[in-house]
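Structure record follows, encoded as structure tokens.
The numbers here are math on the coordinates, done by the rules we state, and not lab data. Because the structure is predicted, anything quoted here is derived from the model rather than measured. Cβ sites come from the backbone with ideal geometry, for glycine too, and all protein chains shown count toward neighbours.
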Number of protein chains: 4
Amino acid sequence: MYEELKKRVYDANMLLPKSGLVKFTWGNVSERDENTGYIAIKPSGVKYEDLKPEDIVVLDLQGNIIEGNLNPSSDTKTHIEIYRAFPDIKGIVHTHSTYATSWAQSGRNIPSFGTTHADYMYGEIPCLRNLSKEEIDEDYEKNTGKLIVEFMKDKEVTKIPAVLLKNHGPFTWGKDAFDAVHNAVVLEEVAKMAMFTESINKEAKETPKEVQDKHYYRKHGANAYYGQK
Amino acid sequence: MYEELKKRVYDANMLLPKSGLVKFTWGNVSERDENTGYIAIKPSGVKYEDLKPEDIVVLDLQGNIIEGNLNPSSDTKTHIEIYRAFPDIKGIVHTHSTYATSWAQSGRNIPSFGTTHADYMYGEIPCLRNLSKEEIDEDYEKNTGKLIVEFMKDKEVTKIPAVLLKNHGPFTWGKDAFDAVHNAVVLEEVAKMAMFTESINKEAKETPKEVQDKHYYRKHGANAYYGQK
Amino acid sequence: MYEELKKRVYDANMLLPKSGLVKFTWGNVSERDENTGYIAIKPSGVKYEDLKPEDIVVLDLQGNIIEGNLNPSSDTKTHIEIYRAFPDIKGIVHTHSTYATSWAQSGRNIPSFGTTHADYMYGEIPCLRNLSKEEIDEDYEKNTGKLIVEFMKDKEVTKIPAVLLKNHGPFTWGKDAFDAVHNAVVLEEVAKMAMFTESINKEAKETPKEVQDKHYYRKHGANAYYGQK
Amino acid sequence: MYEELKKRVYDANMLLPKSGLVKFTWGNVSERDENTGYIAIKPSGVKYEDLKPEDIVVLDLQGNIIEGNLNPSSDTKTHIEIYRAFPDIKGIVHTHSTYATSWAQSGRNIPSFGTTHADYMYGEIPCLRNLSKEEIDEDYEKNTGKLIVEFMKDKEVTKIPAVLLKNHGPFTWGKDAFDAVHNAVVLEEVAKMAMFTESINKEAKETPKEVQDKHYYRKHGANAYYGQK
């Protein structure tokens, strides 16, 4: 019944290995269907070379499986918490992409060092704390989602489309699954260049605010003039 | 009417993703036509996989569109300022290539560490300052061009075919669009090796002037003897 | 007689260059046959592009050649020592993969910086000492195996599926040849991200134990829930 | 007349871009013919994608062109000086490969950090000094060859098959053109891992001499036992 949604989510998932963001099964993409409110997500532990559109699992936002014979991604509860809190988020991606994950492992926010970053993301990319033993024992994946929601709840999800989970890796989101994948690719390149920037100059400074504003708002919002109408 | 020019600019643009210098829409190439004085440039925000020769936009040096249905690159005014100031420049490239952009983000000039650099570029590659808030508000892209022109006005554009814009990325130029792309590839490799050089030896010294001279002038000028006649 | 075993070991060996883990002849994979107890291993110094399934050498655990016309890998005695000590190990891989080898050359254990590591390997990846001149002169390859066995003898080989040999490179193992190759790929990615993590933050801390436990045990053991049943 | 020699030198040259060691025209391979004593070398400034076997230039050891319509590599005199001094050298390669060149630019010898290095090269890879202004003005390429010869004259060319030229890049050699290319690939990988090794541990120590000896001599000399007979 959800052929189109499953095909989209399959296609978006297949972009992850194609873009060099995942090895083996290390990543997953989901999307929310506007009409039903259901989400579709990669099944757990299935290799990308074996993945087929019919393997994609459809669930409601209480986590009930609506369609699909496989277990959904072990990170499904994290996705669901985010979807429940932010109606504007329609696609979510989790990867262990090399450079973004290295920043997550370092425990540092990614500074906004250039216009490549400012074109898509407003300000630094936050690295969120580890969960406590109690939060892990209670419900690791759900509480990971709650941590992200708690952090983002007073921020604009379109302006900060990515967070890092300490000692783990990135989550990105967007207006659909493909937009979330696009942000995952941007994040990885931004993370790589930020590491190189500090390698070249340990005292490198963030982009002046007026330059960040110029680049972000020439691409986003009412006065954007980048691209075609 | 400008089929050949547009095809050349299309081909030169397509070399950017092929050479690994751009992701998504992050880069543009233009060329100046010797006869008409018009320039042709990539349209704004069009993905390279979708780009076609007929999408290339032809403009005069006042920025009027002569031919083309799409918006030209958002960086068009920067290109135009450079073409107006330097008749010897016939091709211009802007990218966010990883290593050159990391140097731009670091705010440092790229030292001339070896003969790979000296074979094409005479002396260090300058990193120009950020624009002020006033310059950004007045006309960001035009004033970016003016900054480059101001810096280069008492220098030889063939000897310094590249600059970095702080917190942004590189501009390169050349005697046509393909030469400008060639310089963009050289710059990226030189930027990569310069970062590695300092990683190996923080106190690394620039190439002695007599070696730089030897390499630059065996490839360029009246006494060049590299290559075939 | 051992066609299937040799074909498996051939296939597993060919994954090494395909995964970017080896250049030239720098690596070898072996597997133990459950029924006979024999092992099959790559021949010494044969280039991967020339390797054929019939070149694979079958030996018993005393090092006698059971089938094959070529010399077995010069590291065969190391493999044999490991197989003799640990019945659970059914596949072994040795490579000079770039990042894992760089850690081995640095003489340091690889810290457990993230869940990519914790998903497969419990705690840091140990870097073992150099052999002494006496051990080298007596029997270099056999004593290399003994060093690994000595280190692992009071540990669980499934929880630490990799070691580094100082100034040399990694050995990984698994429940068959393909599992051992999988661990070699994981190790290389983990080694790369660990180097980047410390480049970003020299004071980076290891993953808290409760997060390591959560990730390792959601993938392994009685309460694992990752993947499909 | 020298079809076979030219074909071999063409094939060896084409391995450079295939192995990722050169961009554009940045590299050249030559080989000495045992019977005539002539050498064959890449023509100067010809792009690899345009190179054909018939473009290869044959010269005698006085630098006279025996066969060929193109100018030989601008580095030909360097090759000739080396061939004249060392009868055992039958193939020579020059590249600007990224990591070896970065070491050359850093002005440091490459330490012998591991068995990958010790398997092929005995001890550290030397970085030779810059030429003086007088040496450059007199004959840059010939004096570059003399510098290499002077350094190597009391050493075994099979045990040190590579040197770095400060602020320039590597030269490697071997028993024929393909062996010299093989050494160029080994050098690049060794240079990369040495940089990473020091990034991981600034105080990393060279491989103990007894391990270097073991690895070098299990592959080379009368008691070698690596590979097939």
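Rounded to whole numbers, the Karplus 3J(HN,Hα) couplings from phi for the range C:115-132 are 6, 4, 5, 5, 5, 10, 9, 9, x, 5, 8, x, 9, 7, 5, 5, 6, 7 Hz, using 6.51 cos²θ - 1.76 cosθ + 1.60 with θ = phi - 60°, and x at Gly and Pro. A simple spin-label model places pseudo-atoms 7 Å from Cα toward Cβ; at residue C:129 and residue C:153 they are separated by 1.5 nm.
Projecting the Cα atoms of C:110, C:144, C:184 onto the charge dipole of chain C (Cβ charges, centred on the Cα centre) puts C:110 farthest toward the positive pole.
In a reduced charge model with +1 at each Lys and Arg Cβ and -1 at each Asp and Glu Cβ, chain A shows a dipole moment near 640 debye about its Cα centre.
Largest mean-square fluctuation among A:203, A:67, A:34, in a Gaussian network model of chain A whose springs join Cα atoms under 10 Å apart, belongs to A:203. With a Cα-only, solvent-free Debye model of the range B:67-196, what are the log10 I(q)/I(0) values at q = 0.18 Å⁻¹? Debye output, listed in q order: -0.95. The dipole here belongs to the protein assembly as shown: it is taken about the Cα centre, uses +1 on the Cβ of Lys and Arg and -1 on the Cβ of Asp and Glu, and is about 980 debye.
Taking A:47, A:18, A:133 in turn, the Gaussian network model of chain A (Cα-Cα springs below 10 Å) assigns the largest fluctuation to A:133. Model label sites at residue A:109 and residue C:213, defined 7 Å from Cα along the beta-carbon direction, differ in position by 3.2 nm. Using just its DSSP H runs of length 4 or more, each adding -39500 (n - 2.57), the protein assembly as shown gives a mean residue ellipticity at 222 nm of -13000 deg cm²/dmol after division by all residues. For a test of the definition: using alpha carbon positions, the gyration tensor, and the 1.5 limit on a/c, classify the protein assembly as shown as rounded, prolate or oblate. Since a/c reaches 1.5 but b/c is at least a/b, the shape of the protein assembly as shown is classed as oblate.
How high is the relative contact order of chain C, in percent, counting Cα pairs under 8 Å that sit 6 or more residues apart? Relative contact order here is 22 percent.
Here the ratio of the Cα radius of gyration of the range C:63-133 to 2.2 N^0.38 Å is 1.39. A point 7 Å from Cα along Cα→Cβ stands in for residue D:156, and the other copies hold the same point at 5.0, 5.0, 7.0 nm, listed in rising order. With the cut-off at 1.5 for a/c, could you classify the range C:168-229 from its C-alpha gyration tensor as rounded, prolate or oblate? Cα axes put the range C:168-229 in the oblate bin. Cross-link check: pairs A:153/A:209; B:23/D:205; C:142/C:209; C:90/C:205; B:52/B:90; B:18/C:192 evaluated at a Cα-Cα cut-off of 31 Å; pairs beyond the cut-off: B:23/D:205; C:142/C:209; C:90/C:205. Rounded to the nearest 10 degrees, the inclination of helix C:76-85 to the longest alpha-carbon principal axis of chain C is 70 degrees. When chain B is modelled as a GNM with alpha-carbon springs shorter than 10 Å, which of B:36, B:158, B:207 fluctuates the most? Of the options given, B:36 has the highest mean-square fluctuation.
Closest approach of a chain D beta carbon to the axis mapping chain D onto chain A (residue, whole Å): D:199, 5.
Computed from Cα atoms, the angle from the helix C:3-18 axis to the main principal axis of chain C rounds to 50 degrees.
Hydrodynamic estimate: the Kirkwood radius of chain A over Cα pairs, inserted into Stokes-Einstein at 37 °C and 0.692 mPa s, corresponds to D of 183 µm²/s. The modelled label-to-label distance between residue D:1 and residue C:54, using points 7 Å beyond Cα along the C-beta direction, is 4.5 nm.
Taking the fewest neighbouring Cβ atoms within 10 Å as the starting point, the ordered list for C:153, A:23, B:205 is C:153, B:205, A:23. Once the Cα atoms of helix A:133-152 and of chain A are each reduced to a long axis, what angle between those two axes, in degrees from 0 to 90 to the nearest 10, is obtained? Orientation of helix A:133-152: about 60 degrees from the principal axis. Counting from the shortest, the label point at residue B:139, 7 Å from Cα toward Cβ, is 5.8, 5.8, 8.2 nm from the same position in each remaining copy. For residue A:203, the label point sits 7 Å beyond Cα toward Cβ; its separations from the matching points on the remaining copies run 2.0, 2.0, 2.8 nm, from shortest to longest. Cα centroids of the range D:12-77 and the range C:146-217: 46 Å apart.
Computed 3J(HN,Hα) for the range A:172-179, one whole-Hz value per residue from the Karplus formula 6.51 cos²θ - 1.76 cosθ + 1.60 where θ = phi - 60°, is 10, 9, x, 7, 7, 4, 5, 5, glycine and proline marked x.
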